[in-house]
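Each remark here refers to the structure printed beneath this line.
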Amino acid sequence: MADKRENRNMTVEEAGRKGGEATAETHDKEFYQEIGRKGGEATAENHDKEFYQEIGEKGGEARANQSDDDRNGKMSREEAGRKGGEARARQRGND
C-alpha cells in the first residue's frame, strides 16, 4: 500500500525516470537502436528539409551560446577550425 500512496505524489519527472530505469533493466542496446531508427524514419516521413534546417540552426545557436564551462573544456568547431588553419599557416610560413 505504501507504493500506491507514493505514486499519487510522484511528479511526472520522477515517474519518467522510474519508467526509464525499469525499461533499461529489461532491454539492451539493440532495443534502443531500433526504436531510435524507427523514430528517425517516422520523423523523416513527416517533415521536410526546412524542418531539419530549422532544428539544426537552433542547435547551433544553443551550442554557440553555451559558456566554456558548459562545454567541459571542449572548444567549438569554429574555434578548432580557426586554430587549425592558423597552425597550418605557421607550418607553411604564411603567418
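Only the coordinates and a few stated rules stand behind these numbers; no lab work does. These figures come from a predicted structure and were not determined experimentally. Note that each Cβ is placed from the backbone with ideal geometry, even for glycine, and that neighbours are counted across all protein chains shown.
Can you compute the FRET efficiency between Arg37 and Lys74 using 1/(1 + (r/R0)^6), with r the Cβ-Cβ distance and R0 = 22 Å? Round to the nearest 0.05. Kindly include the intermediate steps, with their values, before the conclusion.
On the way: r = 28 Å, r/R0 = 1.26.
Plugging the Cβ-Cβ distance into 1/(1 + (r/R0)^6) gives 0.20.
How much length is gained on full extension from Glu14 to Arg82, taking 0.36 nm per residue of separation minus their Cα-Cα distance? Mind dumping the intermediate values first?
On the way: separation 68, 0.36 × 68 = 24.48 nm, distance 4.35 nm.
Stretched out fully, the Glu14 to Arg82 stretch lengthens by 20.1 nm.
Give the lysines reachable from Lys38 as a straight Cα distance under 30 Å; neighbours fewer than 8 places away on the same chain don't count.
Of all the lysines, those that pass the test against Lys38 - Cα under 30 Å, at least 8 places apart if same chain - are Lys18, Lys29, Lys49, Lys58.
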